[in-house]
1. Considering only the range 62-83, state which residues are touching a Phe, Trp or Tyr at 6+ places or on another chain (Cβ under 7 Å) and either surrounded by fewer than 21 Cβ atoms within 10 Å (Cβ to Cβ) or in a loop (DSSP other than H, G, I, E, B) (or both).
2. Is there any pair with a first residue in the range 92-107 that is among the charged types (D, E, K, R) and a second that is outside any loop (DSSP other than H, G, I, E, B) whose Cβ atoms are under 9 Å apart and which are 6 or more apart or on different chains, and what are they?
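Since every read-out is calculated from the coordinates, none of them should be taken as a lab result. Source: prediction; values computed, not measured. Here the Cβ positions follow ideal geometry from the backbone for every residue, glycine too, while neighbour counts run over all protein chains shown.
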Amino acid sequence: MKRLLLLVVFLATALLMFVPTAGAQDAGVQTVPIQNTWSVNIGDNFFAPPNAAVEPGSTITWTNNGAEPHTVTADDGSFDSGVLNPGDSYTVAFDGQGTVTYHCAIHPNMVGSVSVGGEAGAVPTEPQVVPATPEYSGSPGMMSMNSSGY
């Protein structure tokens, strides 16, 4: 009988300790809907498509499919992928309206632009989850633009 009482007390204590923490795990997580996910191919010496037009709330994932390292660097400094080795990707979420131009810091002749709030221009893809693994050398960014494009 004492063993049964001890077991009940132990289980009740364990239940009280772990149930509140299970609910608290999602307290800081907020789901943000992504309108569309777009894809830009980075080749050696080009972005394809070079000029993308997306709606606010969309994301663009640049993937280095070339043989050389590249970057995706906004001319106004609002985002920078750092060095993307072949196979690496970098994702930016766009909000607001305006146009931002970007380039490859390693190959300055590689240029492109993103117009937010314009007509469709990039190739739509299925929504992607940005991997949080050591092989991912880019970091996701969030950019807001007002009507002047900054």
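1. Within the range 62-83, 72, 73, 74, 75, 76, 81 meet the criteria.
2. 95/116; 95/142; 95/143; 95/144; 95/145
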